[in-house]
1. Can you report the number of residues in region B:20-48 which are under 24 Å from B:ALA111 (Cβ atoms) and outside any helix (DSSP H, G or I)?
2. Looking at A:GLY51, A:GLY59, which is the one that is over 16 Å from the mean Cα position of the chain (by Cα) and either acidic (Asp, Glu) or crowded, with 17+ Cβ neighbours inside 10 Å (or both)?
3. For the list (1) at the interface with another protein chain (Cβ under 9 Å from one of its Cβ atoms); (2) in contact with a helix residue (DSSP H, G or I) (Cβ under 7 Å, 6 or more places away or on another chain); (3) without any contact (Cβ under 8 Å) to a residue 60 or more places away in the chain; (4) not basic (Lys, Arg), I need the number of the one condition that B:HIS62 fails.
4. Checking A:GLU38 against (1) touching a residue at least 60 places away in the same chain (Cβ under 8 Å); (2) facing chain B (nearest Cβ under 7 Å): exactly one of these is not met. Which one?
5. Restricting to region B:36-52, and then to whatever is of a type in the set (A, V, I, L, M) and within 7 Å of another protein chain (Cβ to nearest Cβ), can you tell me which residue is surrounded by the fewest Cβ atoms within 10 Å (Cβ to Cβ)?
6. Read through the list (1) at pLDDT below 85; (2) within 30 Å of A:PRO79 (Cα to Cα); (3) among the basic types (Lys, Arg), then give the number of the only condition that B:ARG93 fails.
7. Considering only region A:54-111, state which residues are hydroxyl-bearing (Ser, Thr, Tyr) and assigned to a helix (DSSP H, G or I).
8. When you go through (1) within 14 Å of chain B (Cβ to nearest Cβ); (2) modelled with pLDDT of 90 or more; (3) on the phi > 0 side of the Ramachandran plot one by one for A:SER117, which number turns out not to apply?
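The values are calculated or read from the model by the stated rules, or taken from the named source; none is laboratory data. The structure displayed is predicted, hence computed values, not measured ones. So basically every Cβ, Gly included, is an ideal-geometry build from the backbone, and we count neighbours across all protein chains shown.
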Amino acid sequence: MTEISHHIPEDILDAYRAGTLPHAFGVVVAAHLSLCDECRARREAGDMIGGALLSRAEGAALRPDARDRIMAALDAPPPPPPIRGSGVFPAPVMAELGGRPPRWRMLGGGIRQQILSADREGSLRLLCIPPGKAVPEHGHRGLELTLVLQGSFSDSEGAFHRGDVETAHDAIDHQPVAGPGAPCICLAATDAPLRFNALVPRLLQPIFRI
Amino acid sequence: MKNELSDLARDLIAVRDARDRAAFGRLFDHFAPRLKAMLLRGGLRDGSAEDVVQDVMLAVWHKAAQFDPHRADAAAWIYGIARNRRIDMARRRPLAQPEEMPEIESLEPDAAQILALQQEAAQLGAALSRLAPEQAEALRAAYFDDIPHSRISEMTGLPLGTIKSRIRLGLDRLRHELRKIAP
């Protein structure tokens, strides 16, 4: 696997570990962990603390039939295997896609997207940006995590390749431009609708839900 | 090689490779009461805690193929399953999970790597017992109770760095083996 240089920040990984991240961000973290041994190791190291505490815990008495119950349950058929990754899409993204390839919608300028989920806590989308094309300049009203799945993009924060995650907070105004080669496919989670700096895109925002 | 493994890791590998019910029974006897204690601390009532313990241990049986002693000791691996189960009970939608690492039939155990990981887990346990009471309490709150934790690494200074590199080594090994089979 290629070297990944932009990782999940510690506080977001902690929130993922604790299960408090909204769905959209949880999918981006899970997709990054699927591609990044470094962050997977950070997460599993956290489990070592939990394991050490579990080993040292004083047990609570089980009901007398607990052991018989579990031994009898072992013969039940196993649960269906989870959806696997396919192509550039790791398993958690394929799960969001329902196991099917993306159904892109044109956004204008050759940019395509598929919204995977959207609720009050945040929205999750796949974006496909042709080489050299810019995503309109935008600021954020909250947190945005963007994971590159194919190709690359660059903005004021640096260059991002497959597996890299850009973490953008409130203040950042950035203008990502897709790199040369294959179209840039990325997975983006936001906790607020994006705010475009040009008037017309802002008016179009409700229509495109971008 | 097998003698260097902890009894629990050996039992979990016997479940993984031979579907060994007696080994599973020993794992249940060891972990089920501890898991129940953890779930009770997290606020579950007795009956629900019993049910969740059953779910978690059944998942241990079905997911055993995923256990890799190069990357986790038995307690950490089972803790991870229990933690995910409890998180999903508290959420509207299950937490997205990363792609499972591929199962490699041919992967010969690397005794040195496994032993080193187990030793570091033991050192971590020793470091835990040396923590100041309020730090130990904060960790228990973060890992056993339902309190979202943040900044654990800053809070404690536990020796997680070497454990991370051990786990990283295990992952690298697995990917390397995979490339040999399917370049």
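1. Going through region B:20-48 one residue at a time, the tally reaches 1.
2. Unique residue meeting the criteria: A:GLY51.
3. (2)
4. (1)
5. Filtering region B:36-52 for residues that are of a type in the set (A, V, I, L, M) and within 7 Å of another protein chain (Cβ to nearest Cβ), the one surrounded by the fewest Cβ atoms within 10 Å (Cβ to Cβ) comes out as B:LEU40.
6. Unmet for B:ARG93, out of (1) at pLDDT below 85; (2) within 30 Å of A:PRO79 (Cα to Cα); (3) among the basic types (Lys, Arg): (1).
7. A:SER55
8. That leaves (3) as the condition not met.
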